[in-house]
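Asker: Before anything else, here's the structure in question.
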Amino acid sequence: MNSREAEQAMPLDAFIDETIAVLGSNADEILVEGAKLFRGNPGPGEHDLVNGFNAQMAEVFGG
């Protein structure tokens, strides 16, 4: 999210640690825990989730 101040921003050290751990596994996809909610939400509610996320980011970052 390119922000250290945003409440939703994942700390960089945690992101790197989780990413490296997944890279060392046999996972088909590199995905940190905090992103799994967004990735694992296919179906009828997906558009609402994405639109809500985008609206929240627009508020946080002034878009």
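Asker: Going by how many other beta carbons lie within 10 Å of each one, how would you line up Phe15, Phe61, fewest first?
Answerer: Least to most surrounded, the residues fall as Phe61, Phe15.
Asker: So, R0 is 35 Å and r is the distance between the beta-carbons of Phe61 and Ser25; what FRET efficiency does that work out to, to 0.05?
Answerer: Efficiency, from the Cβ-Cβ distance: 0.60.
Asker: As a check on your grasp of the helix formula, calculate [θ] at 222 nm for the chain: sum -39500 (n - 2.57) over DSSP H runs of n ≥ 4, divide by the residue count, round to the nearest 500.
Answerer: -17000 deg cm²/dmol
Asker: Ok, one more. Of the chain, which part is the longest with no GluC sites (Glu not before Pro) in a loop (DSSP not H, G, I, E, B) and with at most 15 other C-beta atoms within 10 angstrom?
Answerer: 30-63
Asker: Suppose R0 equals 25 Å. What FRET efficiency, 1/(1 + (r/R0)^6) with r the Cβ-Cβ distance, do Ala14 and His47 give to the nearest 0.05?
Answerer: The formula returns an efficiency of 0.30 here.
Asker: Kindly express, to the nearest 10 degrees and within the range 0 to 90, the angle between helix 46-61's C-alpha long axis and the longest C-alpha principal axis of the chain.
Answerer: 80 degrees
Asker: Among (i) 31, 18, 17; (ii) 49, 28, 18; (iii) 36, 32, 13, only one was calculated for this model; which label is it, if the read-out is Cα extents along the principal axes in Å?
Answerer: Only one listed value fits the structure, namely (iii).
FYI, it's all coordinate maths here, none of it is from the lab. Given the structure is predicted, the values throughout are model-derived calculations rather than measurements. Here the Cβ is made from the backbone with ideal geometry for all residues, glycine too, and neighbour counts use every protein chain on show.
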